[in-house]
Amino acid sequence: MVLLDLLFPRRSLTGAEGTFISPNECARLQPDPVIEDSDALRQRSITSLDCIRAAVPYHKSSLVRRAVHTLKYKRIPELAETLGELIVEGLERENGQYTNQVILCPVPLHWTRRFSRGFNQAELLASVVSSATGLPVQPLLRRTRATGFQAHRGRAERLTAVRSAFRLDQNIPVPRTVILIDDLATTGATLDACAEVLKVGGVERVEGWVVAHG
């Protein structure tokens, strides 16, 4: 590890050497919760998801955008701890209480994407949220086909790309409430596609908890 650090020195989000995220950067990552309820979602034709709770608005924090990008595309899983804690801090600001029959479910990656990245960032975030809240994590869903990168697609393209891309794991009992965990919610297409499958399978309420929304 020492040799790797010499050859490829760690740099923080703003370029400081020696760490992936500096104490100053951590201090700047403060929650500014965004909540989109079912009425607002239905107005955007999100038909199955009941709520989105995000720690921050995506376009309001360049540091959060850089952190999410670094986590996923530069493959720095260590950042999941900080971003997962940000989700939890955002929930605490809203005094959310979740105890009975609630399961955290990370949004799944297709196996090809997971293999190339080396991890699923949603699983890492879910683990952090679970440790802080005591809510259990269960991988209720499987992604049945690769859907490509959503970042540069418009709303209609995103909806088409994720349609019928998920299935429910029939070997796991269906809980009453499922909290989907992911890094971002933009159009909400992926979260809604997951929620649709879960509700067909018998789940009553599905929320999405993410780092950033917008």
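The values are calculated or read from the model by the stated rules, or taken from the named source; none is laboratory data. If you're wondering where the values come from, they're calculated on a predicted model, not measured in any experiment. Cβ atoms come from the backbone with ideal geometry, glycine included; neighbour counts cover every protein chain shown.
Quick check, is Ala67 closer than 20 Å to Cys194 by Cβ, modelled with pLDDT of 95 or more, surrounded by 12 or more Cβ atoms within 10 Å (Cβ to Cβ) and not charged (D, E, K, R)? Answer is no for this residue. Residues in the stretch 168-205 that are within 20 Å of Asn120 (Cβ to Cβ) and surrounded by fewer than 19 Cβ atoms within 10 Å (Cβ to Cβ): 5 in all. Among the conditions (1) modelled with pLDDT under 95; (2) in contact with a Phe, Trp or Tyr (Cβ under 7 Å, 6 or more places away or on another chain), Gln101 misses just one, which is (2).
Condition check ((1) hydroxyl-bearing (Ser, Thr, Tyr); (2) at pLDDT below 95) across all residues:
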{"position": "Gln150", "(1), (2)": "no, yes"}
{"position": "Glu157", "(1), (2)": "no, yes"}
{"position": "Asp183", "(1), (2)": "no, no"}
{"position": "Thr186", "(1), (2)": "yes, yes"}
{"position": "Ala189", "(1), (2)": "no, yes"}
{"position": "Gly208", "(1), (2)": "no, no"}
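For the stretch 38-59, give me each residue that is surrounded by fewer than 16 Cβ atoms within 10 Å (Cβ to Cβ) and more than 14 Å from Ala195 (Cα to Cα). Once the filter is applied, which keeps residues that are surrounded by fewer than 16 Cβ atoms within 10 Å (Cβ to Cβ) and more than 14 Å from Ala195 (Cα to Cα), the stretch 38-59 yields Asp39, Ala40, Gln43, Arg44, Pro57, His59.
Filtering the stretch 116-134 to residues that are modelled with pLDDT under 95 and over 17 Å from Leu71 (Cβ atoms) leaves Ala132, Thr133, Gly134.
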